[in-house]
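*Asks:* Can you read through this structure? Questions will come right after.
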Amino acid sequence: MGPVTAGVLQLLALVGALALVHIPLGSYMARVYSSKRHLRVEKWIYRGTGVDPDTEMTWTAYLRGVLAFSAAGVLFLYLLQRLQGVLPGSPHFASVDPAQSFNTAVSFVTNTNWQSYYGEQTMGHVVQTAGLAVQNFVSAAVGMAVAIALVRGFAFSHARFGSRGGTPVPTGELGNFWSDLVRGTVRILLPLAAVAAVVLVARGALQNFSGIHEVGQFTGGSQQFNGGAVASQEAIKELGTNGGGYFNANSAHPFENPTPFTNLLEIFLILVIPFSLTRTFGVMVGSVRQGYTILATMATIWLGFVALMMWTEFAHHGPALQAAGAAMEGKEVRFGVGGSSIFAVSTTLTSTGAVDSFHSSFTGLGGGITLLGMMLGEIAPGGVGSGLYGMLVMAVIAVFIAGLMVGRTPEYLGKKIGAREMKLAAAYLLVTPALVLVFTAASMALPTPGHSMLNPGAHGFSEVLYAFTSASNNNGSAFAGLNANTDWYNTTTGLAMLLGRFLPMVFVLALAGSLAAQRPVPVSAGTLRTEKPLFTGLLVGAVLIITGLTYFPALALGPLAEGLA
């Protein structure tokens, strides 16, 4: 079997598995977030934290819950790293310095998992399990909660009505953040991650709490490695689109990702919740066809990027690539070009950031594809929660553009898209490009940040552009070749991660509140049919043109210049 055929067969198997679980998992998540019943363990959590899970929240109250919980997570994880040197269960591991502690705390709380350190040499068992693994669960649950709040803003069945002067008026309530957070963690992420971890252990992934081992090498000398609860962290790392590796090599390390089967399983875990959330959306708004439209948009972009990546990496340009049969540099031979290409596209079109190969070693155009995937806003299918709400914001913009072009009423799912909604959607779109381009420009203009670049020219520029694109989009993968463990990059990428995570959430929740406060508008002859294939095409075009072209000048200076040289 040739490598191209093997890659295509892997892709078909992955699509089949995702299609198989799409309806049951998506419908289950809709029931989880719509249920009025609390599990016993959930009641214990509410009682212990002193929250009322049945209190309805406006968007401002929901946002306060998101920000307060995330701020507490940053503080706890920062202190855990600073105290690592005196904590039990962390032998031979010193406390992490302040700049890196800040960067790592922000990184894992924002679901970015950017790592400017060697995991196996820096973090002990306590920080890995009680700190990083916990944030892998709850940061993913926060993203899902925000997405569900926006879905409730659209859903007719979730309109809450109060009374003003005897007249019913919408209250704009979006549910309860604490309930959504706990349910997403307890009922969705924990069970799925537990099953995935068992499968990974069965297939050879590491799972223990051993110390440092020294083993001999065939070529002489020895190598040290430490154990850890790797499989359990790997499962939620992919399932929650987190991406932080237990080891520096991430999912290219055989302890994290031993075989081609586990490689395909990890890709499946990355994609399964973001794609299935489109079904959840369709069920909750009362029209599964609307969910299929969003799914078709995401799938079209994802499949297009996978095909383009395979083409660029299998192309035999140059004697080295011809001799290897493809661009094999930086790729694991046990995964090959096909598996590495699917993984690279999936991890950058979501907010995962895990890698089973090194993106810096991809061809110039292949590296550009990974960059563009993040620049689109990671919405095809995007991160858990963040991909859905990002695509719904793009749908709002597409509806407004269509209304301007053909003179139809700008409505989406029975809610009017007016000036306030468009301002919030536009602000959402502008935040991330502003962070990426401003921080990249500052790093290229100032003398000190340039010392971290190990490669000159277009490739070196791509390294810096990739770093801030990854941080601002809460992806976390790195292009390699850039020494990011400096005060400048630890601070600036930390700020980019914070602003890139929470400013968009502010606009999403404000949009959800504005929509929830509206009365449903009945469908009329002037309403755009958003469940049709035509709208899918319009939405794909809006994503590629509006967000993609924003970065075209920067891409022309980096990966395009390198790939066309």
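The values are calculated or read from the model by the stated rules, or taken from the named source; none is laboratory data. This is a predicted model, so every value here is computed, not measured. Cβ atoms come from the backbone with ideal geometry, glycine included; neighbour counts cover every protein chain shown. The protein model used for the area step is the full one, side chains on, heavy atoms only, and it has no ligands, DNA or RNA in it. Shrake-Rupley method; radii C 1.70, N 1.55, O 1.52, S 1.80 Å.
*Asks:* Go through the residues of the range 321-340 one by one and say whether even a single one is free of Cβ contacts under 8 Å to residues at least 24 places away in the same chain and among the small types (Gly, Ala, Ser).
*Replies:* yes
*Asks:* Quick one: which helices (runs of 4 or more DSSP H) lie wholly within the range 334-419 and hold at least 3 residues that are open to solvent by 10 Å² or more (accessible area, probe 1.4 Å)?
*Replies:* Where helices (runs of 4 or more DSSP H) fall fully within the range 334-419 and carry at least 3 residues being open to solvent by 10 Å² or more (accessible area, probe 1.4 Å), they are 364-375, 386-406.
*Asks:* Just one of the numbered conditions (1) hydroxyl-bearing (Ser, Thr, Tyr); (2) assigned to a loop (DSSP other than H, G, I, E, B); (3) over 27 Å from residue 186 (Cβ atoms) is not true of residue 55; which one?
*Replies:* (3)
*Asks:* Condition test on residue 33, is it under 21 Å from the mean Cα position of the chain (by Cα) and closer than 14 Å to residue 179 by Cβ?
*Replies:* So residue 33 fits the description; yes.
*Asks:* With touching a helix residue (DSSP H, G or I) at 6+ places or on another chain (Cβ under 9 Å) and open to solvent by 30 Å² or more (accessible area, probe 1.4 Å) as the only criterion, which of 262, 300, 280 stands out?
*Replies:* Step by step, each of 262, 300, 280 is checked, and only 300 is touching a helix residue (DSSP H, G or I) at 6+ places or on another chain (Cβ under 9 Å) and open to solvent by 30 Å² or more (accessible area, probe 1.4 Å).
*Asks:* Among the residues in the range 497-518, are any crowded, with 17+ Cβ neighbours inside 10 Å and either without any contact (Cβ under 8 Å) to a residue 24 or more places away in the chain or in a loop (DSSP other than H, G, I, E, B) (or both)?
*Replies:* Yes, that holds for at least one residue.
*Asks:* While we're on this one: Is one or more of the residues making up the range 423-434 more than 30 Å from residue 486 (Cα to Cα), without any contact (Cβ under 8 Å) to a residue 60 or more places away in the chain and open to solvent by 20 Å² or more (accessible area, probe 1.4 Å)?
*Replies:* yes
*Asks:* Whether any residue in the range 368-379 is among the charged types (D, E, K, R), farther than 20 Å from residue 507 by Cα and in contact (Cβ under 8 Å) with a residue 60 or more places away in the chain is what I want to check.
*Replies:* No.
*Asks:* Of the numbered conditions (1) open to solvent by less than 10 Å² (accessible area, probe 1.4 Å); (2) hydrophobic (A, V, I, L, M, F, W, C); (3) farther than 27 Å from residue 174 by Cβ, residue 479 fails exactly one; give the number of that condition.
*Replies:* So residue 479 meets the others, but not (1).
*Asks:* Can you work out which of the residues in the range 458-476 that are open to solvent by less than 10 Å² (accessible area, probe 1.4 Å) and of a type in the set (A, V, I, L, M, F, W, C) is farthest from residue 116 (Cα to Cα)?
*Replies:* Here the residue is 465.
*Asks:* Considering only residues that are of a type outside the set (Gly, Ala, Ser) and open to solvent by less than 70 Å² (accessible area, probe 1.4 Å), which ones fall in the range 51-66?
*Replies:* Across the range 51-66, the qualifying residues are 51, 53, 55, 56, 57, 58, 59, 60, 62, 63, 66.
*Asks:* Count, please, the residues in the range 463-488 that happen to be within 21 Å of the chain's Cα centre (by Cα) and in a helix (DSSP H, G or I).
*Replies:* Of the residues in the range 463-488, 10 are within 21 Å of the chain's Cα centre (by Cα) and in a helix (DSSP H, G or I).
*Asks:* Hey, another quick one. Which condition number in (1) part of a helix (DSSP H, G or I); (2) open to solvent by 20 Å² or more (accessible area, probe 1.4 Å); (3) at pLDDT below 95 is the one that residue 455 fails?
*Replies:* Result: residue 455 fails condition (1) only.
*Asks:* Among the residues of the range 435-450, how many are over 26 Å from the mean Cα position of the chain (by Cα), in contact (Cβ under 8 Å) with a residue 12 or more places away in the chain and assigned to a helix (DSSP H, G or I)?
*Replies:* Within the range 435-450, residues that are over 26 Å from the mean Cα position of the chain (by Cα), in contact (Cβ under 8 Å) with a residue 12 or more places away in the chain and assigned to a helix (DSSP H, G or I) number 2.
*Asks:* Considering only the range 67-103, state which residues are within 22 Å of residue 209 (Cα to Cα) and surrounded by 14 or more Cβ atoms within 10 Å (Cβ to Cβ).
*Replies:* 77, 80, 81, 82, 83, 84, 87, 89, 90, 93, 95, 96 - these are the residues of the range 67-103 that are within 22 Å of residue 209 (Cα to Cα) and surrounded by 14 or more Cβ atoms within 10 Å (Cβ to Cβ).
*Asks:* Find all pairs meeting these conditions: Cβ atoms under 7 angstrom apart; at least six residues apart or on different chains; first residue within the range 118-142 and under 18 Å from residue 101 (Cβ atoms); second residue in a helix (DSSP H, G or I) and hydroxyl-bearing (Ser, Thr, Tyr).
*Replies:* 133/232
*Asks:* Would you check if residue 293 is closer than 22 Å to residue 470 by Cα, in a helix (DSSP H, G or I) and more than 19 Å from the chain's Cα centre (by Cα)?
*Replies:* Judged against the criteria, residue 293 is not a match.
*Asks:* Residues of the range 519-536 being more than 10 Å from residue 413 (Cα to Cα), in contact (Cβ under 8 Å) with a residue 40 or more places away in the chain, in a loop (DSSP other than H, G, I, E, B) and open to solvent by 50 Å² or more (accessible area, probe 1.4 Å), which ones?
*Replies:* Of everything in the range 519-536, those that are more than 10 Å from residue 413 (Cα to Cα), in contact (Cβ under 8 Å) with a residue 40 or more places away in the chain, in a loop (DSSP other than H, G, I, E, B) and open to solvent by 50 Å² or more (accessible area, probe 1.4 Å) turn out to be 519, 524, 532.
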